[in-house]
Amino acid sequence: MVYHPQDRTGRPLTAAGPGDDGDTIAAQATPPGRGGVGIIRVSGPRAGAIARAVTGKELSPRQAEYLPFFDSGGEVLDQGIALFFAGPHSFTGEDVLELQGHGGPVIMDMLLRRVQELGARMARPGEFSLRAFLNDKLDLAQAEAIADLIDSSTEAAARSALKSLRGEFSRRIEALLEQLIELRVFVESAIDFPEEEIDFLADPQLRQRLDRLANSLQDVLAAAGQGCLLREGMNLVILGRPNAGKSSLLNRLAGRDSAIVTAVPGTTRDVLREQIQLDGMPVNVIDTAGLRDSGDEVEREGMRRAWEEVGRADRVLLVFDDSTGFGTQEKAILRRLPAGLEVTLVRNKIDLSGGDSRWRQTDHGPSIGISAREGLGLDVLKAHLKQVMGYQGSGDNVFMARRRHVEALERARAAVERGRRQLVEHGAGELLAEELRQAQQALNEITGEFDNEALLGRIFASFCIGK
Amino acid sequence: MFYQQRFDVIVVGGGHAGTEAALAAARMGRRTLLLTHNIETLGQMSCNPAIGGIGKGHLVKEVDALDGIMARAADRAGIQFRILNARKGPAVRATRAQCDRVLYKAAVRAALENQPNLSLFQQAVDDLLVENGRVSGVITQMGLKFAAPTVVLTVGTFLGGKIHIGLENYAGGRAGDPPANALARRLRELPFTVERLKTGTPPRIDGRSINYSRLQVQPGDEPTPVFSYLGRREEHPRQVNCYITATNARTHDIIREGLSRSPMYTGVIEGVGPRYCPSVEDKVMRFADKDSHQIFVEPEGLETHEVYPNGISTSLPFDVQYRLVRSIAGFEQAHIIRPGYAIEYDFFDPRDLKPSLETKHIGGLYFAGQINGTTGYEEAAAQGLIAGLNAALQVKDEEPWSPGREQAYMGVLIDDLITRGTQEPYRMFTSRAEYRLLLREDNADERLTEIGYRLGLVSESRWQAWQQKREAIEREEQRLRATWLHPQTPAAQRLETLLGQPLTREASLMDLLRRPEMSYSKLMALEQAGPAVDQAQVAEQVEIRAKYAGYIERQKNEIERNRRQADTPIPQHLDYDQVAGLSAEVRQKLQRVRPATIEQAGRIPGVTPAAISLLLVHLKRLRAAGS
Ligand SMILES: Nc1nc2c(ncn2[C@@H]2O[C@H](COP(=O)(O)OP(=O)(O)O)[C@@H](O)[C@H]2O)c(=O)[nH]1
Ligand SMILES: [Mg+2]
């Protein structure tokens, strides 16, 4: 009988996976107007210990210090300012640590992982504000604003995070989930229905499945670990009627002529993709076929693909000719966009219309004037994009959501690995089951709820159970 | 007329929920009345006479830890005892007892009759007395009124029952009992949500007509397990075998031919049956690739020839039943004593209940057992106990108590029911429990007996027994932690043969016990490690706690993290329309369940962490506005 989770040397395994604490949260934040600097904010009981581990020294509260940030091997990750606030005299009312580095997103991501390794978990949208509010750090009048923040940023982040993990990645996660559920169906039915004819725990297939799941998790994580999640970038899709200047805008943003620009409407018939950097943050700019009623079969296919891109978009640039103005066709396009997808209106050809490039808020979203041909207003557009797509102050963004996903995958992997050893080394089926439950909880954070009841449903659908 | 004596608690129904409820309230010193339509059926096992099994055995041990009757009756009536999952870990092991129906009933009846503060009365109840949204008593069939501030209704078998055999159907209750129709009609007028479920039974067979030589024998365990912590092996009656046979291709042909006259397959039955205990016609249709299904052949008692063929529940017409039974190995000459049937019945959506099992709509009225959509004696007993003890608490104006999901399977059961409701007859499985490694049969006493004692549910003798056990466990653990073995001693050398590797540094006996390849008895075989404790249950606890230690700690941490949410109550009449930011769907779900705490709210399917945050913000605002 062997039930203790320890390795061969008798050393107990850490009871919880990284970030399993649930009490200390971390997120990436950059105050508006300070682009180029990244901030990691940590709040909770472990903030002090994390500060010591990352900076290698004891910080005095409220004293900014410029120093190196270390990784677990003692290598310098980045150089920057660390600030520690002891609770309750902090923004959230808990111990708070702020690390300001100059690294781009990749370094920031490494720093975030470091903090996570030290026991923080990724904050959910609005969680810092929520804690501040619950700890009496925000006044009552702000409650409404917090509610809005939690609400809207959750929806937007949840929507974009999974979707922007482009087709392939989310397919792999779905496949992982399916593998895990199948395994649990075997393991749980072996426990709850031992009088059924087959003992799944003794079945060599079980080990094979377990190995396969562990490998798949490893693969997905390896891919994510190489930063491909970050490198994939966010998707910015350019939409508009033919000849609005979409391809010209793509060329401008990319800084080279990758799309053919002509005065003939319907020139772009397929999807064109260019990766650009905004403050080191990768963004995929996607040019599409102009949207209009056309009898041309090829063009129709192009439009179908354009809408497909919209399904994966983090943001849309809706380009129109400023000299003819925003009209019914643009409105029709807006109506077809999925709810919650953010749009920026681009008033192109201001060289012809004589309009200005100023940022304006309209009923349909923010609007900016440019001339793609003359290169006017592009700096305004880029600044705007940095602000809306980059690391935002208190809200959530796609990077944070993705980091949460990676963290969840790591927890799932660790649990599956522990479970595999419980089965293989000790034959402890109920402990394998417990570890798989933990893995499921972790994956649920990415893919949504799959609870005990759903699992039972799968068991009864798979096996004829019961007397 | 009003019966002159007033009671504190009235329990309606004398099944497994009713008897536990009545006994619990009486143990707590309340004047309790148990009303049943027929005293002869008290403690009746109206379906298969078996107690326990995986998940269910856990419930029985918990009822026992609170001094309920079920395990003790099973010890007096069990004619075959087994530990299921014996080769798997302790958390998922479970006791099961095949019982003699007559002996079981007698044991329950004796307990009821000897229980101080408890009166029995034979009369069907037709109506409830309700004043200003509170129950104040009941009215029986002959118009007699009984007054009490609390009433526990356990009349689930079977409200508005309708029995189907083939395309014939008629009104009926369990096993030949009349259905509780007058009360069912009355309850339908109250503001509860009524739904319909379906379940079935197999035809019963005369054991003398079975050819046992063609069946596989399934003996009980040796040594015979004991159910109750206070039970003794000597209480057990004579032990017998169970048997196993199976359906075959011909059985399946007969079933398929009969489907055109099946009430299920022709749409006559509307109620929803369970997914896990399908009728044999369901098994054959849904799992067409399987050419055989097991049948467990279980005796119903020592003094009867009636046998329960577990696995061929059916509502096919009798002529089909007859042929399908006789197609089975060993049943070639079988005589059917009672035909199988399906029964449809009413239940009340348990989301209308509080954790105490008091109804939200009518104060002082509690529901327990099948009326809440559950199936099984054990599930019924657990609810009866909780409802009875809470009725008793309410009479004295005391705070309600019911266990949490981390405390007991009873807690899982109640929380699942009141939070999610049920779409099928609900039965317990261990996979429903998040904290499965903590909720073991072997530690039900550790989890519940002290609480029960404080509530006044647990007798002095059980309390003493548990205290002794607890002290013995602590002493032994202390000793194991404090006793060290050093490398290069004779003990270490003997240990090396046990561990398969040398002891490199000094280790406490507890360290050694935690090693995967070590067990308590192996360790105690070392002279230097003794003396071993002599009570087997103490040794078992010490060993299990050592082996599971890492997981126990992890699960306890998880519980601790949820504590703050569990301790944040939500007002019962909260206006969810006022909570900013909730989606319409989430709002609706919260309105339906009206969770008691933030933690319960989080477990409602579809209620997201964001929604919980929004609720927290709202509650905080309310509190601030109120103060
Ligand atoms: N005057 C002016 N012409 C533009 C501007 N942007 C694009 N054009 C012209 O409009 C025509 C269509 O441009 P193109 O980028 O192919 O549009 P698309 O069909 O939306 O991709 C070309 O002749 C461009 O030179 C602009 O800002 N000002
Ligand atoms: Mg183009």
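Which lysines, if any, have their Cα less than 24 Å from the Cα of B:LYS589, not counting same-chain residues under 8 positions apart?
Counting by Cα, and skipping residues close in sequence, B:LYS589 has these lysines nearby: B:LYS354, B:LYS360, B:LYS620.
Net charge near B:LEU365, counting Lys/Arg +1 and Asp/Glu -1 over other residues with Cβ under 9 Å of its Cβ?
With Lys, Arg at +1 and Asp, Glu at -1, the net is 0.
Taking 24 Å as the cut-off for C-alpha to C-alpha distance, list the pairs among B:LYS61/B:LYS198; A:LYS246/A:LYS386; B:LYS56/B:LYS396; B:LYS56/B:LYS105; B:LYS105/B:LYS162 that go past it.
In this structure, B:LYS61/B:LYS198; B:LYS56/B:LYS396; B:LYS105/B:LYS162 exceed 24 Å between Cα atoms.
Counting other C-beta atoms within 10 Å, and keeping those with at most 15, which DSSP coil GluC sites (Glu not before Pro) do you find in the stretch B:285-343? Please report the intermediate quantities before stating the final value.
Numbers: sites: B:GLU300, B:GLU303, B:GLU306, B:GLU332; in loops: B:GLU300, B:GLU303, B:GLU332.
For GluC sites (Glu not before Pro) across the stretch B:285-343 that sit outside H, G, I, E and B with at most 15 neighbouring Cβ atoms in 10 Å, the list reads B:GLU303, B:GLU332.
Please report how far the C-alpha centroid of the stretch B:372-398 lies from that of the stretch B:1-56, rounded to the nearest whole angstrom.
10 Å
The stretch B:446-531: which GluC sites (Glu not before Pro) are DSSP loop and have at most 14 other beta-carbon atoms within 10 angstrom?
B:GLU506, B:GLU517
Given a cut-off of 18 Å, what percent of all Cα-Cα pairs of the stretch B:297-346 lie beyond it?
Of all Cα-Cα distances in the stretch B:297-346, 33 percent exceed 18 Å.
Once you have a ≥ b ≥ c as the square roots of the Cα gyration tensor eigenvalues for chain B, tell me rounded if a/c is under 1.5, and otherwise prolate or oblate according to whether a/b is larger than b/c.
Taking the square roots of the gyration eigenvalues as a ≥ b ≥ c, chain B is oblate.
Using alpha carbons only, how many angstrom separate the centre of the stretch A:323-388 from the centre of the stretch B:281-316?
71 Å
Ballpark to the nearest 100 Å², how much total accessible area do B and A bury together, probe 1.4 Å?
By this definition, chains B and A bury close to 5700 Å².
For A:LYS349, list the aspartates and glutamates whose Cα falls under 19 Å from its own Cα; do not include residues on the same chain fewer than 8 positions away.
A:ASP257, A:ASP287, A:ASP321, A:ASP322, A:GLU330, A:GLU374, A:ASP379
Please list, or write none, the lysines whose alpha carbon is within less than 26 Å of the alpha carbon of B:LYS522, excluding same-chain residues fewer than 8 places away.
Excluding near neighbours in sequence, the set is B:LYS88, B:LYS469, B:LYS547.
For the stretch A:262-360, just say rounded, prolate or oblate: build the C-alpha gyration tensor, square-root its eigenvalues into a ≥ b ≥ c, call rounded for a/c under 1.5, and beyond that prolate if a/b exceeds b/c, oblate if not.
rounded
Need one word for the stretch B:179-274: rounded, prolate or oblate. Basis is the Cα gyration tensor (sqrt eigenvalues a ≥ b ≥ c); a/c below 1.5 gives rounded, then a/b vs b/c decides. All intermediate terms of the calculation are to be shown ahead of the outcome.
Values: a/c = 3.18, a/b = 1.27, b/c = 2.50.
Since a/c reaches 1.5 but b/c is at least a/b, the shape of the stretch B:179-274 is classed as oblate.
Let me confirm one metric for peptide B:88-95, namely the mean number of other chain beta-carbon atoms within 10 Å of its residues' beta-carbons.
Other-chain Cβ atoms within 10 Å of each residue's Cβ, averaged: 6.
Could you tell me which chymotrypsin sites (Phe, Trp or Tyr not before Pro) in the stretch B:523-627 are loop residues by DSSP with no more than 14 other beta carbons within 10 angstrom of their beta carbon?
none
Given the DSSP H assignment, sum -39500 (n - 2.57) over each helix run of at least 4 residues in the protein assembly as shown and divide by its residue total; what's the result at 222 nm in deg cm²/dmol, nearest 500?
About -13000 deg cm²/dmol.
How large is the dipole of the protein assembly as shown about the Cα centre if only Lys and Arg carry +1 and Asp and Glu carry -1, each at its Cβ, rounded to the nearest 20 debye?
Details: 136 positive and 144 negative charges, 64 e Å.
The calculation lands at about 300 debye.
For the protein assembly as shown, which whole-number percentage of the solvent-accessible area (1.4 Å probe, protein heavy atoms only) is attributable to carbon and sulfur atoms? Numbers along the way, then the final one.
On the way: 20810 of 42930 Å².
Carbon and sulfur: 48 percent of the exposed surface of the protein assembly as shown.
Hey, can you find the accessible area per residue of chain B for me, probe 1.4 Å, expressed in square angstrom?
Roughly 38 Å² per residue, with all protein chains present.
Say a site is exposed when it is one of the trypsin sites (Lys or Arg not before Pro), sits in a DSSP loop, and has at most 12 other Cβ atoms within 10 Å; what is then the longest site-free stretch of chain B?
Here the longest segment lacking exposed loop sites spans B:1-231.
The values are calculated or read from the model by the stated rules, or taken from the named source; none is laboratory data. Since we're looking at a predicted model, the values are computed, not measured. With ideal geometry, Cβ positions are generated from the backbone for all residues, glycine too; neighbour counts draw on all protein chains shown. These accessible areas exclude ligands, DNA and RNA; they are computed on the full protein's heavy atoms, side chains included. Shrake-Rupley method; radii C 1.70, N 1.55, O 1.52, S 1.80 Å.
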